[in-house]
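I have placed the structure first, in the form of structure tokens, so that the comments after it can refer back to it.
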Amino acid sequence: MVAVQVRDVPEQVRLTLVAEAERRGESLQVFLLDVLEREAANARNREILRTQKPIRPRGNGALDVGEIIRQGRDAQDRKNLAASR
């Protein structure tokens, strides 16, 4: 793993993060790693959502869940294919 260093963190921010880590029974290191991992996962999710076409309801007004899933998988496949080239 690589190390990440953040400079010039305001003292109040540091104290808040330490308090939250303690509340969760974690070290600051473990807590911050969890925050970074969640943010990275959220960024991937936002990218997937950004690339999706708007979904129009079917004739009866119901959404086709299977189609939504297929569109999401197709978009991810296209992205993975482009990244592998």
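The values are calculated or read from the model by the stated rules, or taken from the named source; none is laboratory data. In this text the structure is predicted, and so the values were computed from the model without any measurement. Cβ sites come from the backbone with ideal geometry, for glycine too, and all protein chains shown count toward neighbours.
Taking segment 1-23 as the search range and keeping residues that are of a type in the set (A, V, I, L, M, F, W, C) and assigned to a helix (DSSP H, G or I), which one is surrounded by the most Cβ atoms within 10 Å (Cβ to Cβ)? Among them, the one singled out is 21. Taken over segment 1-56, the criterion of being small (Gly, Ala, Ser) and in contact with a helix residue (DSSP H, G or I) (Cβ under 9 Å, 6 or more places away or on another chain) is satisfied by 21, 27. When you check residue 67 against the structure, is it among the acidic types (Asp, Glu), at pLDDT below 85 and assigned to a helix (DSSP H, G or I), yes or no? So residue 67 passes the test.
Among the numbered conditions (1) part of a helix (DSSP H, G or I); (2) at pLDDT 95 or above; (3) surrounded by 10 or more Cβ atoms within 10 Å (Cβ to Cβ), the only one that residue 26 does not meet is (1).
Answer yes or no as to whether residue 75 is touching a Ser or Thr at 6+ places or on another chain (Cβ under 6 Å), in a helix (DSSP H, G or I) and not aromatic (Phe, Trp, Tyr). Yes: the conditions hold for residue 75.
Is there a residue in segment 24-35 that is of a type in the set (Lys, Arg) and over 19 Å from the mean Cα position of the chain (by Cα)? Within segment 24-35, one or more residues are of a type in the set (Lys, Arg) and over 19 Å from the mean Cα position of the chain (by Cα). For segment 31-43, the set of residues classified as surrounded by 12 or more Cβ atoms within 10 Å (Cβ to Cβ) and either under 19 Å from residue 71 (Cα atoms) or not charged (D, E, K, R) (or both) consists of 31, 32, 33, 35, listed by residue number.
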